[in-house]
There are 2 protein chains.
Amino acid sequence: MSALPVALDAMGGDHAPEETVAGALLAAREGVPVVLVGDPDRLRAELRREGGELPVVPAREVIGMHDAATDVRRKRDASINVAVRLVKEGRARAAVSVGHSGATMAAALFLLGRIRGIERPAILAELPADTPAGKVHLIDAGANADVRPPHLVAFARMGAAYAERVSRVRSPRVGLLSIGEEPTKGNQLVLAARPLLEKSGLRFVGNVEGRDLMEGKADVVVTDGFTGNVVLKLAEGEARTIFRWIKAALARDLRAKLGALLVKDALKALAARMDPAEYGAMPLLGVRGAVFIGHGASDRRAVKNAILRASRLADSGLLEALGA
Amino acid sequence: MSALPVALDAMGGDHAPEETVAGALLAAREGVPVVLVGDPDRLRAELRREGGELPVVPAREVIGMHDAATDVRRKRDASINVAVRLVKEGRARAAVSVGHSGATMAAALFLLGRIRGIERPAILAELPADTPAGKVHLIDAGANADVRPPHLVAFARMGAAYAERVSRVRSPRVGLLSIGEEPTKGNQLVLAARPLLEKSGLRFVGNVEGRDLMEGKADVVVTDGFTGNVVLKLAEGEARTIFRWIKAALARDLRAKLGALLVKDALKALAARMDPAEYGAMPLLGVRGAVFIGHGASDRRAVKNAILRASRLADSGLLEALGA
């Protein structure tokens with residue numbers, strides 16, 4: 001494993017810098033070197049409070065949630081810009097932010113640039129599913145709200161390469177998200193993309209529907225970033241809602257309450273599997289470097305997992321395989 | 001309540017005519033008159049087997065799952081055409097099919113025609129959610145894969161009218177499905193539809209995300225039929241997957257198995273709430289008549305619920321309110 005650290009935008013996120021610093025320390029304890037990027041005084045104070053040590057690279061500005069993504073152009077010394085610049089300069093092997101996702105994408109695009117042949121970088125999300133790997137790779141999960149058919153093919157290539165190199169899925173099955181299995185079903189984007197996917201050389205298994213997503217009919221599911229983002233957030237939200245309803249159901253009477261004591265551990269393990277914090281963050285694929293984008297609400301565990309995943313991606317050879 | 005029956009296409013569906021006939025008998029026993037449409041010999045044999053009596057209107061043809069939707073033009077005596085024609089002729093107050101959904105939509109469009117001012121009829125789906133009514137109304141759930149911004153406004157009007165008249169939601173909150181709460185988030189369709197919804201006179205509450213759908217931020221959620229169908233099938237599929245995983249988790253060791261005995265009833269009630277068969281079928285709104293489209297896999301309970309819902313819609317005054 002490379003000795004180069006993962007650069008964490010320690011100022012981004014709803015619970016920064018407390019949870020970002022704590023998450024970075026957890027990752028470092030698991031053997032992944034991390035460098036914190038942000039306001040040195042605040043970060044050093046936080047490190048002291050947590051009783052840990054990590055290198056800090058100063059950044060004087062922050063992109064807040066009310067800034068526009070394009071403000072990364074103006075605030076050149078914003079923490080996300082500095083973190084991504086460390087990757088560009090070969091001083092970090094990946095950048096992670098749980099802050100402004102649009103700004104993170106913009107910083108990655110402006111500073112790292114696109115991989116040759118990739119017109120539109122895309123976000124890959126992993127969702128729990130009944131595949132051999134226990135998960136399905138959804139791409140694009142939100143980078144591009146409007147796309148054209150060839151973009152979906154590029155997303156499919158990147159998603160399949162990720163599944164193969166990072167998730168260790170052999171010969172991943174690629175499905176196209178649609179509203180029926182038949183080739184004639186779908187919107188105009190999907191209808192035009194399907195023949196392109198059929199002759200792409202990928203292991204294309206046809207259309208998959210919303211119901212198939214978690215049932216494991218494909219290892220990689222391709223869609224536009226609008227549908228993908230709706231799907232990702234629904235999948236996460238529905239799991240949360242169902243577990244909340246289960247909690248209420250298990251408190252409805254004495255009998256259920258008694259049973260709840262016995263099934264708690266079993267259900268907790270399942271709830272953890274459904275927890276987005278388990279995945280930590282999502283890679284932006286198609287830029288010339290490893291960049292991970294996490295939930296704004298990330299806690300220390302999510303930050304830690306994001307850093308570990310970013311480190312794994314950087315070590316996987318995926319970027320080289322994609323031609324970065 | 002009108003004495004006019006609901007017309008059931010008894011030949012459509014994966015388990016027709018066994019489950020369709022049985023479901024019709026269940027509905028009739030709950031006081032809703034039903035007329036069966038299809039092959040008289042098969043339907044009468046099925047009625048005898050079930051030990052029940054219902055009027056039969058003969059139809060010599062069937063639209064199979066491998067037929068095209070437009071085959072309703074060619075097979076004029078198909079059961080779905082005959083069922084819809086009964087509505088058109090004032091001999092039935094609603095038509096229900098759990099067969100070929102495209103064909104059902106086509107038959108409704110060709111035979112009943114559109115309500116004035118509604119360019120695109122749309123499918124309304126109900127999903128369990130933390131709203132006062134316990135559900136969210138999703139429209140369009142699959143009738144129109146590609147739409148233009150004004151169509152979304154028409155869907156919103158129909159969805160709100162349905163929520164008000166049929167689900168008895170006062171002044172329903174209408175949300176636009178998107179990928180961020182800010183007005184600047186979304187694809188081009190959503191960005192163009194939002195200002196139209198703002199000045200529509202509806203109680204528009206802004207964008208809702210996938211995660212908000214079941215959390216009850218709106219009573220009616222508007223989207224195109226591609227996204228809506230993906231969402232509907234994911235919501236149903238994910239609930240099924242999670243309950244399957246729960247079942248496995250509760251069998252993992254003796255302690256969990258013991259607890260499972262105690263929590264079974266509580267979880268069953270919840271699983272029933274999540275079961276699409278509870279809703280039975282979805283109305284096609286915007287045509288001049290009450291038409292319900294159900295899952296092909298519908299069992300007798302789903303068929304019964306579809307008939308009861310179709311009957312309620314016909315009695316609600318919704319169609320008159322929409323100008324049918």
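Somewhere in the range B:211-227, is a residue surrounded by 17 or more Cβ atoms within 10 Å (Cβ to Cβ), β-branched (Val, Ile, Thr), at negative phi and away from chain A (no Cβ under 11 Å)? Yes, because at least one residue in the range B:211-227 is surrounded by 17 or more Cβ atoms within 10 Å (Cβ to Cβ), β-branched (Val, Ile, Thr), at negative phi and away from chain A (no Cβ under 11 Å).
Across the range A:228-238, the number of residues qualifying as within 7 Å of another protein chain (Cβ to nearest Cβ), crowded, with 24+ Cβ neighbours inside 10 Å and of a type in the set (Gly, Ala, Ser) comes to 1. Note on the range A:114-136: residues that are more than 27 Å from A:Arg148 (Cα to Cα) and either in a loop (DSSP other than H, G, I, E, B) or modelled with pLDDT of 95 or more (or both) amount to 6. Select from the range A:168-186 the residues that are surrounded by 19 or more Cβ atoms within 10 Å (Cβ to Cβ) and of a type in the set (Gly, Ala, Ser) and write down the one among them that is nearest to A:Ile123 (Cα to Cα). Applying the filter and picking the extreme gives A:Gly175. Of all the criteria given as (1) surrounded by fewer than 24 Cβ atoms within 10 Å (Cβ to Cβ); (2) on the phi < 0 side of the Ramachandran plot, the one not satisfied by A:Gly206 is (2). Being away from chain B (no Cβ under 14 Å), polar (S, T, N, Q), buried (at least 19 other Cβ atoms within 10 Å of the Cβ) and outside any helix (DSSP H, G or I) is a condition met by no residue of the range A:305-320. Checked against (1) modelled with pLDDT under 95; (2) within 23 Å of A:Asn305 (Cβ to Cβ), A:Arg73 passes all but condition (2). For the range B:101-110, the set of residues classified as touching a strand residue (DSSP E or B) at 6+ places or on another chain (Cβ under 9 Å) and within 15 Å of B:Asp77 (Cα to Cα) consists of B:Ala103, B:Thr104, B:Ala107, B:Ala108, listed by residue number.
Determine whether the range B:146-153 contains at least one residue that is among the β-branched types (Val, Ile, Thr), farther than 19 Å from B:Ala310 by Cα, assigned by TED's automatic domain parsing to the domain that holds B:Leu213 and in a loop (DSSP other than H, G, I, E, B). Yes, that holds for at least one residue. Within the range B:241-252, residues that are under 14 Å from A:Gly259 (Cβ atoms) reach no partner that is small (Gly, Ala, Ser) and part of a loop (DSSP other than H, G, I, E, B) with beta carbons closer than 8 Å at six or more positions or on different chains. Put simply, of A:Glu181, A:Glu215 the only residue that is touching an Asp or Glu at 6+ places or on another chain (Cβ under 6 Å) and among the charged types (D, E, K, R) is A:Glu215.
The requirement of being within 14 Å of chain A (Cβ to nearest Cβ), within 30 Å of B:Ala22 (Cβ to Cβ) and surrounded by 23 or more Cβ atoms within 10 Å (Cβ to Cβ) is fulfilled somewhere in the range B:143-151, by at least one residue.
Matching residues to (1) farther than 25 Å from A:Leu213 by Cβ; (2) at pLDDT 95 or above; (3) of a type in the set (S, T, N, Q); (4) assigned by TED's automatic domain parsing to the domain that holds B:Phe155:
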residue	(1), (2), (3), (4)
B:Val169	yes, yes, no, yes
B:Ser178	no, yes, yes, yes
B:Leu189	no, yes, no, yes
B:Glu198	yes, yes, no, yes
B:Gly206	yes, yes, no, yes
B:Arg211	no, no, no, yes
B:Val220	no, yes, no, yes
B:Phe226	no, yes, no, yes
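Taken together, the criteria exclude A:Phe204 from residues that are closer than 25 Å to A:Ala145 by Cβ, facing chain B (nearest Cβ under 8 Å) and aromatic (Phe, Trp, Tyr). Within the range A:281-299, can one find any residue that is surrounded by fewer than 21 Cβ atoms within 10 Å (Cβ to Cβ), farther than 25 Å from A:Asp140 by Cβ, at pLDDT 90 or above and assigned by TED's automatic domain parsing to the domain that holds A:Ala324? Yes, the range A:281-299 contains at least one residue that is surrounded by fewer than 21 Cβ atoms within 10 Å (Cβ to Cβ), farther than 25 Å from A:Asp140 by Cβ, at pLDDT 90 or above and assigned by TED's automatic domain parsing to the domain that holds A:Ala324.
Where helices (runs of 4 or more DSSP H) sit wholly within the range B:197-291, those with at least 3 residues that are over 20 Å from A:Arg273 (Cα atoms) and small (Gly, Ala, Ser) occupy B:254-274.
In the set A:Pro132, A:Pro183, only one residue is in contact with a strand residue (DSSP E or B) (Cβ under 8 Å, 6 or more places away or on another chain) and either on the phi > 0 side of the Ramachandran plot or more than 9 Å from every other protein chain (Cβ to nearest Cβ) (or both); that residue is A:Pro183. The listed residues are A:Val84, A:Val35, A:Val57, A:Val21, and the only one of them that is in a helix (DSSP H, G or I) and either over 30 Å from A:Phe155 (Cα atoms) or among the charged types (D, E, K, R) (or both) turns out to be A:Val21.
The values are calculated or read from the model by the stated rules, or taken from the named source; none is laboratory data. Source: prediction; values computed, not measured. When we count neighbours, we look across all protein chains shown, and the Cβ atoms used for this are built from the backbone with ideal geometry, even at glycine.
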